[in-house]
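The values are calculated or read from the model by the stated rules, or taken from the named source; none is laboratory data. Bear in mind the structure is a predicted one, so any value in this text is a computation, not a measurement. A quick note on method: Cβ atoms are made from the backbone with ideal geometry, for glycine too, and the neighbour counts reach across all protein chains shown. Accessible surface areas use protein heavy atoms only, side chains included; no ligands, DNA or RNA. Shrake-Rupley method; radii C 1.70, N 1.55, O 1.52, S 1.80 Å.
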Amino acid sequence: MSEEVVKITVRPNGPLRVEGHIVLTDADGKEWDLTGKPAVSLCRCGASEKRPFCDGSHNKVGFQCSASPALLT
């Protein structure tokens, strides 16, 4: 059994880009159907009308967050 790597990229002032084998469930344990989607973008700003997915609303609301590993120390 091989381990599949899931890559999560923090986009400056934007979403979390998740690539790889993704299983996304809601608070009740129901899975989203991500068949055929090798990557998804998840909202960080809270303004998306397609939450948990990004719809570009971060641009409209002026979301600012440029997280990087150096900021975590």
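For the pair Glu49 and Arg17 in one chain, pulling the backbone fully straight at 0.36 nm per residue adds 9.8 nm over the alpha carbon distance.
If you take all other residues with their beta carbon under 14 Å from the beta carbon of Gln64, and give Lys and Arg +1 and Asp and Glu -1, the sum is +3. Using the Cβ-Cβ distance between Asn59 and Lys37 with R0 = 35 Å, the FRET efficiency computed as 1/(1 + (r/R0)^6) comes to roughly 0.95. The base-10 log of I(q)/I(0) for the chain, evaluated at q = 0.17, 0.19, 0.27 Å⁻¹, reads -0.74, -0.88, -1.24 [Debye formula, identical scatterers on Cα atoms, solvent excluded].
Expressed as a whole percent, the accessible area of the chain that falls on carbon and sulfur atoms is 52 (1.4 Å probe). Assuming charge only on the beta carbon of Lys and Arg (+1) and of Asp and Glu (-1), the dipole of the chain about its Cα centre is about 380 debye to the nearest 20. Using a Gaussian network model on the chain with a 10 Å cutoff between Cα atoms, which of Pro38, Pro52, Pro15 fluctuates the most? Highest fluctuation of the listed residues: Pro38.
Remark: the chain carries 78 Å² of accessible area per residue (probe radius 1.4 Å; ligands, DNA and RNA excluded). Annotation for the stretch 1-43: trypsin sites (Lys or Arg not before Pro) lying in DSSP loop with at most 13 further Cβ atoms inside 10 Å of their Cβ are Lys30.
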